[in-house]
1. Quick one: of the DSSP bridges fully inside the range 2-132, what percent are antiparallel, nearest 5?
2. Treating only the Cβ atoms of Lys and Arg (+1) and Asp and Glu (-1) as charged, compute the dipole magnitude of the chain about its Cα centre; round to the nearest 20 debye.
3. Would you please state the base-10 log of I(q)/I(0) at q = 0.12, 0.15, 0.21 1/Å for the range 292-442, with intensities from the Debye formula using one equal scatterer on every alpha carbon?
4. Using only the alpha-carbon atoms, how far is helix 106-121 inclined from the longest principal axis of the chain? Give it as 0 to 90 degrees, nearest 10.
5. Considering the dipole of the range 95-164 built from charges on the beta carbon (Lys and Arg +1, Asp and Glu -1) around the Cα centre, which of 114, 95, 150 is farthest to its positive end?
6. How far is the Cα center of the range 314-380 from the Cα center of the range 76-130, in Å?
7. State the answer as a single residue: which of 278, 288, 263 lies farthest towards the positive end of the charge dipole of the range 251-297, with beta carbon charges of +1 for Lys and Arg and -1 for Asp and Glu, about the Cα centre.
8. Which angle between 0 and 90 degrees, to the nearest 10, do you get for helix 316-328 versus the longest principal axis of the chain when only C-alpha atoms count?
Amino acid sequence: MKHLVWFRNDLRVGDNPALAHACAQPGQVEAVYLAAPEQWRRHGLGDNKLDWIRLNLAALQQRLARLGIPLHIAVAERFEDAADCMVSLMQQRGMSHLYLNAEPGYDEAQRDRQVQQAVQQCGLYWHRFSERNLLEPDSLFNGQGQPYRVFTPFARKARTLLPTVSEPIVSPDPYPLSAPVEPEAQWPLGVSNRFSWQPGEEAAWTRLQDFIEQGVETYHQCRDFPAQSGTSGLSPYLALGIISPVQVYHALSRAGAGEGQQCWLNELLWREFYRYLMHHFPKLSRDQAMYPDKEPIWHNNSAWFERWCQGKTGFALVDAGMRQLNQTGWMHNRTRMLCASFLVKDLHIDWRWGERYFMQQLLDGDFASNNGGWQWAAGCGADAAPYFRHFSPSRQAERFDAQGDYQRRFLPELGDGELHYPNEMIDHKAQSQRFTQMVKEMTHVDES
């Protein structure tokens, strides 16, 4: 028998159910990754994310080659092409069994159903395993048997179930008598190579261990200051499944239960919550808000949007965040929240515009987390920020970048002296009040 493992957003050897089960069977194992350039363009993925995929596929090819497992990169331009592509590859290489792990998303689920049907119609075997989340989405419901829509009760319930999280699945052993495989070099897109993150599973583990040993105990004190290295920096690895949340959780659980550890665990549960919502509310994958009646009529000024994208709003902390994003493919979480709030509540531009721009730029672009974060900022998502709560750019700068170190890092026009900056493009207070009034008029808010 010959077995084929289909890698997707799980570019790792350790804690990989599909790979582990395939390697446990008698016979030869090979692997495949389906690049989908046209589909990726439809989904708004930008060059940073695509190049990060390329770099990590190269690292995965090297790792699998040492196990005697070749990784092929095939091209199916759109998800609709995946079924024919997969069946053709399996037949050409004499593969009888296909192994894969689930991944979230409406389009992804449609693609998988089409591939499963095509594979089974050809007399081939399909083996699909659960995604390695901390908890199964169908294991958490509220007292009425309905999915949670508010984070706090979700997290409270999730914490009671965390002791049941299984240990990470160990990496398979090299095939006996199997010579190392020469990695293939196939990638249908351009390259940039401008990241400060090193690709691959080993690099992800090094970063995790460094954070556990040096950063997690003070995480609750340092995480909101963008000029500091107070966060784990694991988001690019989690976004592609280069390391799994199960692996991260067990490493964290061995590091104690201090305030920093509990604060970071809460962030892992926010990631889990957004994926949970995507599972139970498929409309979130199709540009729909959780609560569309809480959206105002957006003004969508294209010129204002362009200034926001370029980091030229006249608000220094907002501009520093956007320029960090444009220059590095990453942005600190504190400034992500500020920049998102500014676009929707100060500029009155549809959150979907910002969501798409972030996905085009982010190295760590994760659809569930990005979508959840933008709906939170706009006030129309699950457990969202109230419509009347606004991020003040000046107060955020005073609280979290008082010395201006982060702002100067990305705004060279500030120089080394006082924080002098161009005129602000709008009146923050007036625009915030207008947004509040717009939502009241749309939703007929009763404040009695």
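1. Bridges in the range 2-132 are about 0 percent antiparallel.
2. In debye, rounded to 20, the chain gives about 320.
3. Cα-only, vacuum Debye calculation for the range 292-442: -0.46, -0.73, -1.41.
4. So the helix axis and the longest Cα principal axis differ by about 10 degrees.
5. Value: 150.
6. The two parts, judged by their Cα centres, are 34 Å apart.
7. Going by the Cα projections, it comes out as 278.
8. The helix 316-328 is inclined about 20 degrees to the chain.
None of the figures in this text is laboratory data; all of them are computed from the coordinates on show. Since the model is a prediction, treat every value here as computed from it, not as a measurement. Positions of Cβ are generated from backbone atoms using ideal geometry, with glycine treated the same way; all protein chains shown enter the neighbour counts.
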